[in-house]
1. When only Cα pairs under 8 Å and 6 or more residues apart are kept, what is the percent relative contact order across region B:119-252?
2. May I ask you to derive the relative contact order of chain B, considering only C-alpha pairs under 8 Å and at least 6 residues apart, and to give it as an integer percent?
3. Give the Cα extents of region B:202-328 along the principal axes, in whole Å, largest first.
4. Using only Cα atoms, tell me the angle between helix C:162-175 and the longest principal axis of chain C; keep it within 0 to 90° and round to the nearest 10.
5. Please go through region B:312-353 and write out the trypsin sites (Lys or Arg not before Pro) that DSSP classes as loop and that have at most 13 other C-beta atoms within 10 Å.
6. Considering just Cα atoms, how many Å³ per residue does the convex hull of region A:26-136 enclose?
7. Percent antiparallel among DSSP beta bridges with both residues in the protein assembly as shown, to the nearest 5?
8. Using packing as a proxy for protection, rank B:92-104, A:138-150, B:161-173, A:77-89 so that the peptide with the highest average count of other Cβ atoms within 10 Å comes first.
Amino acid sequence: MSIEQRPRRCGGWLERLIQHARVRSPWLLHFDCGSCNGCDIEVLACLTPLYDVERFGIVNVGNPLHADLLLVTGTVNRRNARVLANLYRQMAAPKKVVAIGACGLSGGIFREADNVIGGIDRIIPVDCYVPGCPPRPEAIIDGVMRVLERFGTGHPKEDVAKGKGIP
Amino acid sequence: MRRAVIPFGPQHPVLPEPLQLKLSLKDEVVVEALPALGYVHRGLESLATKRDFHQMVQVCERVCGICSVLHAICYCQGIEEIMGIAVPDRARYLRVIWGELLRLHSHLLWMGLFADSLGFESLFMQLWRIREQVLDIQEATTGNRVISGVIRIGGVCRDIDDAQRGWIQTTLAAVDRAVRQIAPVLREDFTICARTVGKGILSAEKARELGAVGPVLRASGIAQDIRQTGYAAYGELDFNPVIETAGDCHARCMVRLGEIHQSIDLIGQALARLPQGAIRNPVHGKPTGETVMRVEQPRGEVLYYLRADGGKTLARMHIRTPTFANVPVLIDLLPGLGLADVPVVVLSIDPCISCLER
Amino acid sequence: MSDLILRGVAGLLAGPLLGGLTSGLDRILTARLQARQGPPLQQPYYDVVKLLAKELVVVNAWQAFCVYSHLFATVLAVVLFALQADLLLILFTEAVGAVFLVMGAMASTSPYSQIGAHRELLQILVYEPLLFLVAIGIYLETGSFRLTAVFQWPVPLITQLPLLFGVLCLVLVIKLRKSPFDLSAATHAHQELVRGLFTDFSGPLLGLIEIAHWYETVLMLAFCGLFWAGGLLPMTTLALAAVMGVILMDNATARLNWRWLLGYGWLAGMTLSLINLIWHFRGAG
Ligand code: SF4
């Protein structure tokens, strides 16, 4: 559903303002879900002077209660699946998830390893996949920006998606 | 007095990685710290029995994205020893260059995180900005910023040409200057000293007893560095292990600071003496036998045990990573510290959980 | 009468306007000092609007009540300042606001939030006496606690009470949650307590706390301005200078711990204030 089709209870401008604010102020939570660190340091590099994502209002808050975006790097294993699902549940709607790196997409190079369940979409719904091993910071920023575009559409309620459960 | 148990991690902004410490606190003073591991365990060693032994080089690089090249070097040296393959001289020097570039970026990264754990955000930003120059070199010479994938069994798969050599030297000189500019802040700044000097002291005896490795060990005054064994081309380059004697967080920081300059110097030496010739020898046949190989990573000594019985895959691979050796030290250091000092001391051993749990 | 209402409304508006802009400016300057570009100036407004529009997750009703009271008390303090009321009344109102925030944080069960709240209490313990010393200094100088009298005082107070201004800047560092004293909470999550005091407030409640923080900022800056109350221009100059100083300080120091704050920060503040008072009034008397 686009913004136009929705019932305008408090007038269109307020809704538009809110959408605009959402796109401009995504606070993110980064969770290392069993990654090899390659992706993590690239996520961190996004915060530093060369890439500086605070230009887009992105702040790393480190607290699921405050975050709008969940950046997950790495593969899911039997132990951190619960933590991941928990973090996702704690986040308040509207929320989006970005899976980073080959590992986050499918399990990547570790796919056949003993303790690996697979990509993070096995546990929680993912809105954007950033491929690469590790992806460059530019690619990560691009992925985040694409997810932000999706904040502009859709009713907040739709964003409260259900996780597929812990295996 | 109430006793609060704080789960430090697994998701925590100070640590980019999920190490979980259950801290029992009494008035913000730690009485007990219990590590809870397994959040990053992938069962990577089991892949050795599923993947071709050539492919395993790439897997080893991904034991830890920060020490990637050195894991690959260690693995390849092990296989080369089993199969009796000689590595061309040029390749040995190139391995040193990439290995030291890695140490350089890893130490800068660590220092940034360390500053961040002290709440010194601007220092974090500056250090990571310097680090980007090192990553530029990595990218120009290997094609990738972080995980380079240049090491092969029997040599390396990329070369550094003469034009690049000059450029690397000038860039590293710039890095050296920038680090020298920042060094006084790390060494003398009042607030940094207030937070690091005398925090988490590890005596030399204790360090030996608990089996500490790497900068943690050297900060306690023990001059031990696996590079002294002269693997790759280290035997032909001159360097001395950087040591400090205080054994506290500040000393560990200083050791790493010294090693940054040491790495720059080593890369300079290696570039200057880079011999001509091939970069890779062919590999024939399948490995049979077993070996143990050690390499000095930014975090300390890594140990690979490899056993092969003539198949396409290895029969067993085991890795003991530096963080694995340093966690007992950490558990020993934490009790008695204030909560505010916990992130500082945890970071001072430079934990790499992905290595630790593989 | 209409004059009073006008001033009250001005006070109400000052919070979101000046407070938000100061906070935006702060983020830009901080970023520049860290060799980054930083967010646009209006970023704090985006943040607050977004937070207010988020799903409301309340841990318990007490928490929400505390946040509303916190906001109310801080807004009231600013409005009272605009009405040029009694200095002590303003300070007490402000203190009530601060305590409500702590109570809200204590109402949750998260250990981070609990410890954050405890540290915040320690901070209040440090800065409130200092603030009162500043107020007493102003009283001794102008002979009245009423702001009307302070505004009519002919000479800039900063020339008489320079050390007290220093003490006020120390309080400003604590109040703006800046390094070295960002002990209980910080804007960026880079510390042992995740986001400390704020850990368990989410969405709209956090938005309200942010708005309250704007009012607090305005109040503190207005205090700084009092030291050169010769009109709007000198007041803003002084306040801006204080903010700059605090931001520089923030970027040049690591975080210290609360023992240090309690030990040295308090002692230094007290000594400075007393020296200033004694020195000034011995000279004058
Ligand atoms: S995608 Fe590659 S770099 Fe990222 S965590 Fe996985 S193995 Fe590491």
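1. Averaging sequence separation for qualifying contacts and normalising by length gives 20 percent for region B:119-252.
2. Taking the mean separation of contacting Cα pairs over the length of chain B, I get 26 percent.
3. Here the spans come out as 51, 39, 16 Å, largest first.
4. 10
5. B:312
6. Convex hull volume per residue, Cα atoms: 84 Å³.
7. 70
8. Ranking, from highest mean packing down: B:92-104, A:77-89, A:138-150, B:161-173.
The values are calculated or read from the model by the stated rules, or taken from the named source; none is laboratory data. The shown structure was predicted, so the numbers you read here are calculated from the model rather than taken from an experiment. Cβ atoms come from the backbone with ideal geometry, glycine included; neighbour counts cover every protein chain shown. Only protein heavy atoms, including side chains, enter the accessible area calculation; ligands, DNA and RNA are left aside. Shrake-Rupley method; radii C 1.70, N 1.55, O 1.52, S 1.80 Å.
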